[in-house]
Amino acid sequence: MKKISDIKSPLLMGSQIKIIYSKLSEAPQLYATDGQEVKEVAVKLFCSSVVLYVVEYDSDKRMAFGYMQNDVDSSLSEWGYSSIDELIENGFEMDLYFKDRAIFQDGSVHKLELY
C-alpha cells in the first residue's frame, strides 16, 4: 500500500490530501453503524456528478463505506465500499463546509440535529 504522501491528485496538493485522511480517521470503523437506519455522514467527497457520503472508514486499508450518489442517473446510486486512494487519484475532493448531516437508507441527506 502506498504512503499517504505518495497519493497524487490531479487537483489537490499533498497538504489537502492529508486533511482528507485526517477527517476520515474521525469516522466510525467499518461495520460500526451496521443496522442503523440513519447514519451520521463523516465526510462528503465529490467529483463532477458523483458524490460519496462516507459513514464508516478503515484507516488501515483506507477503505470507506458510504452512499455513492450519481447525479446524472440516480438509478446508479448505491451503498458500498470505495478505495479512498483511488478516489483521490481520480480527482475527488472533500467538501470542507459539509457537516452535521445524516443520511437515510434511501440516500436522502438531512441536518443531523433533526434526527
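Just so you know, all these numbers are worked out from the coordinates, no wet-lab data involved. Because the structure is predicted, anything quoted here is derived from the model rather than measured. Using ideal geometry, Cβ is built from the backbone for each residue, glycine included, and neighbour counts are taken over all protein chains shown.
Odds and ends about this structure:
- Column: log10 I(q)/I(0), Debye, Cα scatterers of the chain, q = 0.12, 0.14, 0.18, 0.23 Å⁻¹: -0.39, -0.53, -0.89, -1.42
- Each residue of segment 29-36 is assigned a 3J(HN,Hα), and the resulting list reads 5, 3, 6, 5, 9, 4, x, 7 Hz, derived from the Karplus form 6.51 cos²θ - 1.76 cosθ + 1.60 (θ = phi - 60°), x at Gly and Pro.
- Peptide ranges 15-21, 50-56, 72-78 listed from the most packed, as the mean C-beta count within 10 angstrom indicates: 50-56, 15-21, 72-78
- Student exercise, the chain dipole from Lys, Arg, Asp, Glu Cβ charges, in Debye to nearest 20: 440
- Annotation: for a label point projected 7 angstrom from Cα along Cα→Cβ of Asp34, residues of segment 77-115 with backbone N closer than 15 Å are 80-81.
- Cα gyration tensor category, rounded, prolate or oblate, for segment 66-115 with a/c compared to 1.5: oblate
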